[in-house]
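*Asks:* The structure follows.
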Amino acid sequence: MISLDEAVTARLESHGQRFEVLVDPDAALTIKRGEFDGDLEDVIAAEDVFEDASTGDRPPENALEEVFETTDPLEIIPEVIQRGEIQITAEQRRAMQEQKHNQLVNKIARNAVNPQMDDAPHPPERIERALEEAGFKVDPMEPVENQVDDALDELRPIIPIRFDEMVMAVQVPAEYAGSAQAQIRQFGELEREEWQSDGSWVGVIRFPAGLQNDFYDVVNEHTSGEAETRIVKDEDEIGTR
């Protein structure tokens, strides 16, 4: 379950009764769109249906039976969300908007590069300033993934930017290979790996291009700067030995 501070109220009025449930705002939106595939108990603040969630008052059981043909909260909660309205306070809206804004900036920074600067990553601060200059406002009631394309459309007239992936080959000396390769393989999608006769490890890994600097930091941290890295430009190289 989530905390009450994280929850919003979904409200349905029917048959002269009001029914309210407390749910995570993102989950409420996915449930409303019929896209939720998680565990309901993980995204609600109470396994209960209220007449007034702020006071804790509950509707009579016969009202639940009349409207929902059950008194089971776990069956009623999704129906209240789907048929009702999601209520958020001004404070909740501001908090949700700030959270979604930060998620959007981080997502763009992870995946975007500057094509005019040899595909160097854009720092989050630069993306933040450009979004502000563009006047882009994040919709707190929409998933971040649905807003990325619109944000990029607003950013392109201000900064050169594109989404890309990077393929990197790395060779780790035998002294560090055991622990370092375990960290490196978690950074993205491992395309190929080989253990060399001298005990060194060679891997080719694909990851969002905006994480290039973070990748170098991980490699240097776990190999004392002794690993060799090379950007793979031609994907035909991935399958060569």
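The values are calculated or read from the model by the stated rules, or taken from the named source; none is laboratory data. What you see is a predicted model, and the numbers here were worked out from it, not measured in a lab. Glycine gets a Cβ as well: all are built from the backbone with ideal geometry, and neighbour counts include every protein chain shown.
*Asks:* Specify the residue that is nearest to GLY178 (Cα to Cα); the eligible residues are those in the stretch 206-229 that are in a strand (DSSP E or B) and out of contact with any helix residue (DSSP H, G or I) (no Cβ under 8 Å at 6 or more places or on another chain).
*Replies:* Restricting to residues being in a strand (DSSP E or B) and out of contact with any helix residue (DSSP H, G or I) (no Cβ under 8 Å at 6 or more places or on another chain), the top hit is GLU228.
*Asks:* Going through the stretch 185-205 one residue at a time, which ones are of a type in the set (A, V, I, L, M, F, W, C), at pLDDT 95 or above and in contact with a Phe, Trp or Tyr (Cβ under 9 Å, 6 or more places away or on another chain)?
*Replies:* Correct list: TRP195, TRP201, VAL202, ILE205.
*Asks:* Here's another thing I want to ask about it. Consider GLN171 carefully, then state whether it is under 27 Å from the mean Cα position of the chain (by Cα) and over 30 Å from VAL105 (Cβ atoms).
*Replies:* no
*Asks:* List, please: which pairs have Cβ atoms under 6 Å, are six or more places apart or on different chains, and start with a residue in the stretch 43-68 that is assigned to a helix (DSSP H, G or I) and end with one that is among the polar types (S, T, N, Q)?
*Replies:* GLU61/THR71; ALA63/GLN17; LEU64/THR71; VAL67/SER14
*Asks:* A further question follows. Select from the stretch 132-164 the residues that are more than 20 Å from ALA209 (Cα to Cα), surrounded by 15 or more Cβ atoms within 10 Å (Cβ to Cβ) and either under 20 Å from the mean Cα position of the chain (by Cα) or at pLDDT below 95 (or both) and list them in ascending order.
*Replies:* PHE136, VAL138, PRO140, MET141, PRO143
*Asks:* If we scan the stretch 178-186, do we find a residue that is touching a Lys or Arg at 6+ places or on another chain (Cβ under 6 Å), closer than 27 Å to PRO124 by Cβ, touching a residue at least 12 places away in the same chain (Cβ under 8 Å) and buried (at least 16 other Cβ atoms within 10 Å of the Cβ)?
*Replies:* Scanning the stretch 178-186 turns up no residue that is touching a Lys or Arg at 6+ places or on another chain (Cβ under 6 Å), closer than 27 Å to PRO124 by Cβ, touching a residue at least 12 places away in the same chain (Cβ under 8 Å) and buried (at least 16 other Cβ atoms within 10 Å of the Cβ).
*Asks:* Which is among the charged types (D, E, K, R) and within 17 Å of VAL219 (Cβ to Cβ), of GLU132, GLU175, GLU145, GLU125?
*Replies:* Just a single option satisfies the conditions, and that option is GLU175.
*Asks:* Within the stretch 1-42, can you find the residues that are assigned to a loop (DSSP other than H, G, I, E, B), under 18 Å from THR71 (Cβ atoms) and of a type in the set (D, E, K, R)?
*Replies:* Once the filter is applied, which keeps residues that are assigned to a loop (DSSP other than H, G, I, E, B), under 18 Å from THR71 (Cβ atoms) and of a type in the set (D, E, K, R), the stretch 1-42 yields nothing.
Yes/no per residue for (1) in the same structural domain as VAL148 (by TED's automatic domain parsing); (2) more than 30 Å from HIS15 (Cα to Cα); (3) crowded, with 16+ Cβ neighbours inside 10 Å:
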{"site": "SER54", "(1), (2), (3)": "no, no, no"}
{"site": "PHE68", "(1), (2), (3)": "no, no, yes"}
{"site": "ASP72", "(1), (2), (3)": "no, no, no"}
{"site": "LYS100", "(1), (2), (3)": "yes, yes, yes"}
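*Asks:* Right, another one. Can you pull out the residues in the stretch 79-120 that are in a helix (DSSP H, G or I), under 19 Å from ILE44 (Cβ atoms) and small (Gly, Ala, Ser)?
*Replies:* Scanning the stretch 79-120 gives a single hit, ALA95.
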